[in-house]
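To start, the structure itself, in structure tokens.
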Amino acid sequence: MPIRSSLIFALSAFWISTIFGQTNSLRKLETAISDHVEDGRILGAQLIVGQHDKLLLERSFGIRSANDPTAVDSTTQFCIGSCSKPFASATILSLVQSEHLDLDTPISSLLPEFESLKIKNEGLAKRSPSLRELLCHRGGIYSQKQVMNRRQGHWIRDFKLTLEDAVKGIAGESLISAPGTDYAYSGAGYCVIGRVAEAGMNQSFESIFQRQIGA
């Protein structure tokens, strides 16, 4: 069934070059995405294919969203959602490697708002989660894959909030399980990870990322 909601398909495909290295294959890839846009399965897309330092193909398709008929071009920016998690993980692990952060120390050592956490229907948690647990989605932080109320959604989806303010809000929410016990995919947990880095380095996460990874 065609997807008629506000779907944006943003494809960064530098890794595709090993599969679609030949001109005919690149043309087939381009045609396939164009066909999906034309039949309404995708509203908009960016396609970039490269190999080493050579750009093989760059093409934009369709419009930005169902509510914005502006044509997609090479400068259009999209929210990449959970694709940011590998970048956050790499940033944190680089700080662990340089001994600025520790994977197994409870995060309350840097974020005191996590010192007294409540577990839903169970009372107080014995401790706050560690970075290792948060990275593995085992920190007990609420999950957008389960029932999430409007307030919890606000902390992770209102991009007008600073990371500090968002994480203070997350700290006020009950844990859904004791840290280290259960797996629950958590965008909120990754917001907390970023804030731990900010508190540990006394810099914005963006600055830390640019220094550790972006450069």
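Key figures for this structure:
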{"quantity": "Peptides 36-49, 69-82 ordered by average Cβ neighbours within 10 Å, highest first", "calculated": "36-49, 69-82"}
{"quantity": "Probe 1.4 Å, accessible area per residue of the chain, Å²", "calculated": "60"}
{"quantity": "Label-point separation, LEU161 to ARG59 (7 Å along Cα→Cβ), nm", "calculated": "4.0"}
{"quantity": "Span from the the range 51-82 Cα centroid across to the the range 149-183 one, whole angstrom", "calculated": "30"}
{"quantity": "With every protein chain in place, the chain: carbon and sulfur % of accessible area (1.4 Å)", "calculated": "51"}
{"quantity": "Loop-resident sites, the range 77-152, for GluC sites (Glu not before Pro), counting at most 12 other Cβ within 10 Å (DSSP)", "calculated": "GLU99, GLU122"}
{"quantity": "Cβ-Cβ FRET estimate between LYS118 and THR31, R0 fixed at 41 Å, reported to 0.05", "calculated": "0.15"}
{"quantity": "FRET efficiency for ASP68 and GLN203, using Cβ-Cβ distance with R0 set to 41 Å, rounded to 0.05", "calculated": "0.75"}
{"quantity": "Extension reserve of the ARG151-ALA90 stretch, reckoned as 0.36 nm per residue once the Cα distance is removed", "calculated": "19.1 nm"}
{"quantity": "Relative contact order computed over the range 22-102 (Cα-Cα under 8 Å; 6+ residues apart), in percent", "calculated": "18"}
{"quantity": "Of LYS54/LYS160; LYS118/LYS145; LYS28/LYS85, those spanning more than 27 Å from alpha-carbon to alpha-carbon", "calculated": "LYS54/LYS160; LYS28/LYS85"}
{"quantity": "Loop-resident sites, the range 105-134, for trypsin sites (Lys or Arg not before Pro), counting at most 11 other Cβ within 10 Å (DSSP)", "calculated": "LYS126"}
{"quantity": "Karplus (6.51, -1.76, 1.60) ³J(HN,Hα), θ = phi - 60°, over the range 186-194, in Hz, Gly and Pro reported as x", "calculated": "9, x, 4, x, 6, 4, 4, 4, x"}
{"quantity": "Per-residue ³J(HN,Hα) for the range 125-134, Karplus 6.51 cos²θ - 1.76 cosθ + 1.60, θ = phi - 60°, Hz, x for Gly and Pro", "calculated": "6, 5, 7, 7, x, 9, 4, 4, 5, 5"}
{"quantity": "Pairwise label distance in nanometres, GLU38 with HIS100, each label 7 Å out on the Cα-Cβ vector", "calculated": "5.0"}
{"quantity": "Relative contact order of the chain, defined on C-alpha pairs under 8 angstrom at six or more residues apart (%)", "calculated": "17"}
{"quantity": "Amide hydrogen neighbours beyond the local backbone of LEU57, cut-off 5 Å, H modeled", "calculated": "VAL49"}
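The values are calculated or read from the model by the stated rules, or taken from the named source; none is laboratory data. From a predicted model like this one, the values you see are computed outputs, not experimental measurements. Every residue, glycine as well, gets a Cβ built from its backbone with ideal geometry; the counts of neighbours run over all protein chains shown. Only protein heavy atoms, including side chains, enter the accessible area calculation; ligands, DNA and RNA are left aside. Shrake-Rupley method; radii C 1.70, N 1.55, O 1.52, S 1.80 Å.
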